[in-house]
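Presented below is the structure to which this report refers.
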Protein chains: 2
Amino acid sequence: MEIIPVLIEKEIEPSDDISDLVLSSCDLHDGDILVIAQKIISKQEGRIVKLSTVEPSLLSQGIGSQYQKDPRLVELILSETKRIIRMKNGILIVETKNGFICANAGIDESNVQEGYATLLPINSDVSAESIRYNILKQTNKNVAVIISDTFGRPFRMGQTNCAIGISGLNPIIDYAGLHDSFQKILRVTAIAVADELSSAAELVMGKSLKIPITIIRNYSFKIEDHVIDELIRPEHEDLFR
Amino acid sequence: MEIIPVLIEKEIEPSDDISDLVLSSCDLHDGDILVIAQKIISKQEGRIVKLSTVEPSLLSQGIGSQYQKDPRLVELILSETKRIIRMKNGILIVETKNGFICANAGIDESNVQEGYATLLPINSDVSAESIRYNILKQTNKNVAVIISDTFGRPFRMGQTNCAIGISGLNPIIDYAGLHDSFQKILRVTAIAVADELSSAAELVMGKSLKIPITIIRNYSFKIEDHVIDELIRPEHEDLFR
């Protein structure tokens with residue numbers, strides 16, 4: 001299996017077409033998986049906000065003052081949030097309107113002009129699907145697409161890349177019912193491969209955003225239709241919400 | 001970057017030497033990272049228990065009866081456990097004596113003979129270090145070693161591979177203080193690369209344990225001494241314990 005970084009020098013704007021950019025920047029094979037950093041999708045889709053245009057509510061002003069956070073940023077976070085899961089020492093772990101549990105609703109100010117912040121795409125499955133179908137239409141090559149973002153974790157230090165949108169692959173490989181090497185039935189092993197593929201891609205991406213796209217080649221999988229919701233644990237099954 | 005599976009047909013026993021097995025099964029390069037599945041380390045180190053020899057306490061019998069779990073398995077889990085973090089519907093999330101938060105203290109019955117269970121290695125850093133130094137001594141090649149295991153996560157469905165022992169690499173790359181592509185200082189981005197490398201390796205491992213070892217080649221890193229504890233979030237910083 002190979003993880004191939006795709007260098008993109010250009011700053012992404014809404015007038016860009018991500019699939020054209022991919023096709024002009026690398027040589028795709030049938031069965032490749034494209035992992036694309038959320039940041040360039042958000043920029044292409046105009047999910048970028050000038051902080052000076054944001055009017056913070058009294059709640060956002062309060063949280064901002066309590067934790068020395070920019071109240072306009074807090075306002076943006078709350079506007080993307082279904083509910084606050086944890087709030088302590090300036091850390092805001094929320095459930096986004098799309099159901100992701102993450103810090104600051106995935107909003108951040110890195111790799112964007114001073115005074116601006118990027119929001120997560122409205123629907124990353126749709127973003128992934130549109131790129132996938134454009135590539136299929138133009139090249140007749142069937143690839144899968146993952147939109148990835150960097151999330152923190154409970155219990156463990158450091159962040160890892162996770163999938164926030166998918167098209168063309170099953171995000172979870174369930175081994176239940178298959179046999180182990182002793183011919184015993186495997187019971188509870190389901191692997192979140194879309195997250196593992198995102199993590200693998202991050203290793204060659206770095207943080208300067210000159211490599212916002214990665215090709216994963218020679219990973220064995222079947223092209224199938226699935227949705228990112230399959231990776232989100234339903235609340236009633238979640239022991240930590 | 002390449003992820004190269006290493007096929008090992010043989011069932012691992014305490015008389016085996018994992019570093020010899022690696023050297024006879026693949027061609028290592030200087031600067032490779034070896035990711036090794038916990039299961040074969042546990043087998044080599046004799047961390048395997050015959051369930052019929054386990055005497056369950058009344059507590060283990062009680063938990064077993066409540067949740068239709070084998071009370072001898074519960075006894076083993078509790079014997080490796082510092083404390084129970086969550087217990088519901090037969091799911092036991094515990095803090096192991098080594099500080100990992102995981103289901104069933106990392107004990108499981110897959111890929112081992114019927115009637116047996118494997119425990120996590122006593123100290124996976126030591127296991128990793130010993131393999132690393134044996135390889136260095138025999139070949140003069142400097143590689144890093146990660147021992148990995150499959151953990152579930154709060155919030156997200158499916159399990160991913162994580163590092164439980166390391167030797168020769170920094171498990172976390174901290175970008176704080178560096179500049180993004182707009183020359184702004186990055187603030188809170190620290191990436192748990194040892195977990196991402198473990199996840200990348202899992203993608204070629206599968207679950208039958210014929211591929212318990214993976215080589216990661218052409219990943220850019222510096223050989224350094226670190227410990228797995230750097231990946232464990234201290235309790236006072238953990239919002240979910």
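The values are calculated or read from the model by the stated rules, or taken from the named source; none is laboratory data. Since the model is a prediction, treat every value here as computed from it, not as a measurement. Don't worry about glycine lacking a Cβ; one is built from the backbone with ideal geometry, like all the others, and counts go over all protein chains shown.
Scanning segment A:157-179 for residues that are modelled with pLDDT of 90 or more and at positive phi gives A:Gly158, A:Gly168.
Is there any pair with a first residue in segment B:59-87 that is of a type in the set (Ser, Thr, Tyr) and a second that is modelled with pLDDT under 95 whose Cβ atoms are under 6 Å apart and which are 6 or more apart or on different chains, and what are they? Close Cβ pairs (under 6 Å, with a partner that is modelled with pLDDT under 95) amount to B:Tyr67/B:Gly90. Taken over segment B:7-20, the criterion of being more than 13 Å from chain A (Cβ to nearest Cβ) and either buried (at least 20 other Cβ atoms within 10 Å of the Cβ) or among the hydroxyl-bearing types (Ser, Thr, Tyr) (or both) is satisfied by B:Ser15, B:Ile18, B:Ser19. In segment B:114-133, the residues that are over 20 Å from B:Cys102 (Cβ atoms) and modelled with pLDDT of 95 or more form Cβ pairs under 8 Å with partners that are aliphatic (A, V, I, L, M) and in a loop (DSSP other than H, G, I, E, B), at six or more places apart or across chains, as follows: B:Arg132/B:Val143. Exactly one residue among A:Leu73, A:Leu51 is surrounded by fewer than 20 Cβ atoms within 10 Å (Cβ to Cβ) and modelled with pLDDT of 95 or more, and that residue is A:Leu51.
For segment B:197-218, a tally of residues being more than 7 Å from chain A (Cβ to nearest Cβ), outside any loop (DSSP other than H, G, I, E, B) and not hydrophobic (A, V, I, L, M, F, W, C) returns 3.
Summed over segment B:116-125, the residues that are within 14 Å of chain A (Cβ to nearest Cβ) and crowded, with 21+ Cβ neighbours inside 10 Å give a count of 2. One residue is enough: does segment A:200-207 have a residue meeting the conditions in the same structural domain as A:Ile146 (by TED's automatic domain parsing), more than 18 Å from B:Ile3 (Cα to Cα) and not small (Gly, Ala, Ser)? Yes, segment A:200-207 contains a residue that is in the same structural domain as A:Ile146 (by TED's automatic domain parsing), more than 18 Å from B:Ile3 (Cα to Cα) and not small (Gly, Ala, Ser).
I'd like to know if segment B:147-167 contains one or more residues that are more than 26 Å from B:Glu109 (Cα to Cα), hydroxyl-bearing (Ser, Thr, Tyr) and over 18 Å from the mean Cα position of the chain (by Cα). Looking for residues that are more than 26 Å from B:Glu109 (Cα to Cα), hydroxyl-bearing (Ser, Thr, Tyr) and over 18 Å from the mean Cα position of the chain (by Cα), one finds none in segment B:147-167, hence no.
For A:Ile173, are the conditions met, namely being touching a residue at least 12 places away in the same chain (Cβ under 8 Å), within 28 Å of A:Leu239 (Cβ to Cβ), among the β-branched types (Val, Ile, Thr) and surrounded by fewer than 23 Cβ atoms within 10 Å (Cβ to Cβ)? Judged against the criteria, A:Ile173 is a match.
When residues in segment A:219-230 are screened for being exposed (fewer than 14 other Cβ atoms within 10 Å of the Cβ) and closer than 18 Å to A:Ser199 by Cβ, 1 of them pass.
Count of segment A:219-241 residues, restricted to those that are touching a residue at least 40 places away in the same chain (Cβ under 8 Å), more than 9 Å from every other protein chain (Cβ to nearest Cβ) and over 16 Å from the mean Cα position of the chain (by Cα), is 5.
Among the residues of segment B:145-163, none qualifies, meaning not one is surrounded by fewer than 16 Cβ atoms within 10 Å (Cβ to Cβ), under 30 Å from B:Ile85 (Cβ atoms) and assigned by TED's automatic domain parsing to the domain that holds B:Glu2.
Can you spot a residue in segment B:180-191 that is within 9 Å of another protein chain (Cβ to nearest Cβ) and at pLDDT 95 or above? Yes: one or more hits. Report yes if some residue within segment B:34-48 is more than 18 Å from B:Gly165 (Cα to Cα) and either of a type in the set (A, V, I, L, M, F, W, C) or assigned by TED's automatic domain parsing to the domain that holds B:Gly165 (or both); otherwise report no. Yes; the residues of segment B:34-48 include at least one that is more than 18 Å from B:Gly165 (Cα to Cα) and either of a type in the set (A, V, I, L, M, F, W, C) or assigned by TED's automatic domain parsing to the domain that holds B:Gly165 (or both). For B:Ile147, the stated conditions do not hold, so it cannot be described as within 11 Å of another protein chain (Cβ to nearest Cβ) and hydrophobic (A, V, I, L, M, F, W, C). For segment A:79-115, a residue qualifies if it is within 11 Å of chain B (Cβ to nearest Cβ), surrounded by fewer than 21 Cβ atoms within 10 Å (Cβ to Cβ) and farther than 20 Å from A:Leu231 by Cα, and the qualifying residues are A:Arg86, A:Met87, A:Lys88, A:Asn89, A:Gly90, A:Ile91, A:Glu109, A:Gln113, A:Glu114, A:Gly115. Can you tell me which residues in segment B:139-162 are within 20 Å of B:Val126 (Cα to Cα), touching a residue at least 60 places away in the same chain (Cβ under 8 Å) and in a loop (DSSP other than H, G, I, E, B)? Passing the criteria: B:Lys141, B:Asn142, B:Val143.
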